[in-house]
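Have a look at the structure below before the remarks.
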Amino acid sequence: MKSIDELTKYFGFYKSNSDFESFLNSNLIEPSKYDSEFLTIDCKKTDLEIGFTNERMIRDGDEEKNLSGGKPIFTHFFIFPKSIKLFDKLPYSVDFGDNLEQIAQKAATPNKVIETDNSFFGKTKRYLYNLNKYKVVFEYNFDEKKLTQITVEQIEKYIIEESKPAYNKV
């Protein structure tokens with residue numbers, strides 16, 4: 001995979017979609033098994049995390065409600081410093097070596113800025129940008145003085161394909 005768009009074109013697909021599964025099998029290096037508790041597939045070797053949302057959360061419109069039994073829908077992914085070698089170019093040509101000022105110069109004014117300070121993650125600032133049909137979030141950690149994560153996700157969660165029943169009704 002060389003482009004972010006090669007991955008975002010699968011937003012809204014079921015995890016079980018054969019084209020999406022084939023793409024993941026061809027592009028992910030030693031991925032973990034799907035974690036149904038955290039709704040992720042982790043790639044420790046390349047540090048890319050593929051994220052899903054339970055279809056019931058999307059259909060029922062409540063992302064905070066943990067509904068079991070729904071199928072996972074591909075809705076987001078996390079890029080970490082080791083992941084950069086998977087892509088020719090990151091959104092807005094931002095690089096993990098960039099500081100906050102450089103990120104702002106490359107990506108312009110963010111749609112939203114969120115600052116947090118907690119004991120686990122430390123002091124962070126997130127720049128949120130709407131880009132095409134997805135949102136890009138650059139997370140900068142002040143304690144580490146570096147960009148630590150880029151999240152790419154659907155702006156509004158949606159499902160592209162229709163769910164097929166597991167059996168044929170007679």
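A few notes on this one:
- Qualifying helices (runs of 4 or more DSSP H) (wholly inside the stretch 10-113; at least 1 residues being under 27 Å from Y127 (Cα atoms)): 55-60, 100-107
- Verdict on D60 being more than 14 Å from K71 (Cβ to Cβ) and of a type outside the set (G, A, S): no
- Taking every residue in the stretch 102-131 that is closer than 21 Å to P91 by Cβ and free of Cβ contacts under 8 Å to residues at least 12 places away in the same chain and pairing it with any residue that is buried (at least 16 other Cβ atoms within 10 Å of the Cβ) and among the basic types (K, R), at least 6 positions away or on another chain, the pairs with Cβ-Cβ distances below 7 Å are E115/K125.
- Residue that is modelled with pLDDT under 90 and either small (G, A, S) or under 18 Å from E139 (Cβ atoms) (or both), where the choices are G97, G69: G69
The rows are residues; the columns are (1) modelled with pLDDT under 95; (2) β-branched (V, I, T).
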{"residue": "S3", "(1), (2)": "yes, no"}
{"residue": "E6", "(1), (2)": "yes, no"}
{"residue": "F13", "(1), (2)": "no, no"}
{"residue": "S26", "(1), (2)": "yes, no"}
{"residue": "T46", "(1), (2)": "yes, yes"}
{"residue": "I50", "(1), (2)": "no, yes"}
{"residue": "I58", "(1), (2)": "yes, yes"}
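- Checked across the stretch 148-155, the condition of being modelled with pLDDT under 95 and either outside any strand (DSSP E or B) or under 27 Å from D60 (Cα atoms) (or both) holds for at least one residue.
- Residue count for the stretch 72-88 satisfying the condition of being charged (D, E, K, R) and either within 16 Å of the chain's Cα centre (by Cα) or surrounded by 15 or more Cβ atoms within 10 Å (Cβ to Cβ) (or both): 1.
The values are calculated or read from the model by the stated rules, or taken from the named source; none is laboratory data. Keep in mind the model is a prediction, meaning the values are calculated, not measured. Don't worry about glycine lacking a Cβ; one is built from the backbone with ideal geometry, like all the others, and counts go over all protein chains shown.
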